[in-house]
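Take a look at the structure set out below.
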Amino acid sequence: MGLKKSKENRNEVTAIAALVNFTEKEWMEVSLYFKLDGKGSHGVNNGVFQEIWRETLTPSLSDCWIRYVFYEGQDSFDKARFTYLFKGQTSLLSEYKTKAVYRVITNTAPKGAVKLISYERLAEYIFNIMVSYLRSLWHYRNHEFVNWLRKDATASTRTLKTVNKVLLEPLQKTVDNMGMVEIGTVEDFLRSSRVVSEMIDGLLEISYGTVDIATQPSLLPNVHPRMSTVMDVGEVLFLSSHLMKIWAQHWKLRFHNKGHGSNFTMLCEMISDVGPTIIVVKDTSGHVFGCCATDSWKPASFFYGDCRCFLFQLKPHLRYYPATTFNTNFQYHNQNQHMLPNGFGMGGRIGSWGFWLDGDFGKGLSAGYCSTFK
């Protein structure tokens with residue numbers, strides 16, 4: 001009994017140690033990447049870090065991380081802080097991750113109570129994480145990122161600022177009169193925001209040389225070689241943040257009117273019985289909007305789908321319209337009917353849609369409000 005308990009305790013200590021320390025294999029990879037072997041902490045100055053991170057991190061984020069690693073301007077880096085910068089922020093435990101983010105932003109030691117954090121500083125930090133993540137994907141020619149750029153996608157700073165603001169809306173609503181957010185609220189946010197949390201993890205893995213970023217899957221979906229797009233990379237991240245992870249990984253082009261023609265019958269054939277779909281529409285005014293449908297499209301006189309369906313707008317504004325609990329009128333599709341509308345509809349009710357693509361190809365609507373999506 002005593003031996004068993006002792007073994008369990010040792011396993012627990014080992015598990016905790018793995019959360020806060022590099023394994024031997026990890027340290028070998030990191031040491032090789034930063035050229036630390038044989039030098040010790042006194043042989044590495046901040047110029048080494050500046051050079052390694054110069055092309056991938058924004059100046060603001062690079063300065064933040066270097067200040068943390070070279071505490072109070074010391075000539076040698078602090079190995080414990082260097083380790084915590086990575087291990088703390090990539091922790092699988094949201095509580096540890098949140099506290100690590102706070103301590104890196106505020107340049108404080110990894111100990112003591114943490115209660116509040118400045119919303120403005122947190123928002124700026126996450127924005128720099130996002131920009132640096134995309135810079136890293138480009139620098140190392142990540143195949144998914146490069147493929148999106150080949151499809152006419154852009155990665156504008158303006159859009160990324162908007163995406164950052166929209167992603168952080170749940171936190172912004174909780175800011176107190178002093179501009180502060182409770183750490184527990186940030187923890188809940190990082191737990192629920194897959195894209196932000198994984199972006200932090202991904203950037204640190206790239207920045208510490210623990211992944212082959214050229215082939216490592218990114219947060220951007222893998223796209224079909226023939227696909228073209230009207231979306232910005234930031235808008236793709238915005239959409240991805242509202243999808244189940246499995247749906248966000250691989251997108252296959254089913255229909256594009258430039259390649260398939262303005263043919264409603266062809267559209268029906270290409271997107272029926274293929275599983276979850278995203279429909280993106282650009283209208284004559286340049287507005288870009290659409291829907292995410294969870295069920296395969298099929299002709300029916302009734303609504304189907306589930307509460308994971310949503311509507312969205314990408315241009316001129318980023319907006320996400322999740323399902324309400326008012327009704328279950330998620331998806332509708334019909335064709336070649338005389339008594340029922342022919343087209344693809346989502347939300348509202350028949351004849352008063354939240355989103356509608358008409359069987360008379362090229363016509364449709366997107367309502368500012370409907371009872372099914374808010």
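Observations
- Boolean, Met199 is touching a His at 6+ places or on another chain (Cβ under 7 Å) and assigned to a helix (DSSP H, G or I): no
Yes or no, residue by residue, for (1) part of a helix (DSSP H, G or I); (2) under 13 Å from the mean Cα position of the chain (by Cα); (3) surrounded by fewer than 14 Cβ atoms within 10 Å (Cβ to Cβ):
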| site | (1), (2), (3) |
| --- | --- |
| Pro217 | no, yes, no |
| Met231 | no, no, no |
| Trp247 | yes, yes, no |
| Arg254 | no, no, no |
| Lys258 | yes, no, yes |
| Ser262 | no, no, yes |
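- Exactly one residue out of Gly364, Gly354 is in contact with a strand residue (DSSP E or B) (Cβ under 6 Å, 6 or more places away or on another chain) and either crowded, with 22+ Cβ neighbours inside 10 Å or of a type in the set (Ser, Thr, Tyr) (or both): that is Gly354.
- Qualifying positions in segment 355-373 - over 19 Å from Lys298 (Cβ atoms) and out of contact with any Lys or Arg (no Cβ under 9 Å at 6 or more places or on another chain): Asp360, Phe361, Gly362, Lys363, Gly364, Leu365, Ser366, Ala367, Gly368, Tyr369, Phe373
- Close pairs (9 angstrom Cβ cut-off, 6 or more residues apart or separate chains): exposed (fewer than 13 other Cβ atoms within 10 Å of the Cβ) in segment 293-313, β-branched (Val, Ile, Thr) anywhere: Asp306/Thr294; Asp306/Thr328
- Thr328 being within 32 Å of the chain's Cα centre (by Cα), assigned to a loop (DSSP other than H, G, I, E, B) and at pLDDT 95 or above: yes
- Applying the condition of being surrounded by fewer than 18 Cβ atoms within 10 Å (Cβ to Cβ) and not in a helix (DSSP H, G or I) to segment 154-174 and asking which residue is modelled with the lowest pLDDT yields Thr154.
- Qualifying position, being closer than 19 Å to Glu269 by Cβ and of a type in the set (Asp, Glu), among Asp306, Asp295: Asp295
The values are calculated or read from the model by the stated rules, or taken from the named source; none is laboratory data. This is a predicted model, so every value here is computed, not measured. Backbone-built Cβ (ideal geometry, glycine too); neighbour counts: all protein chains shown.
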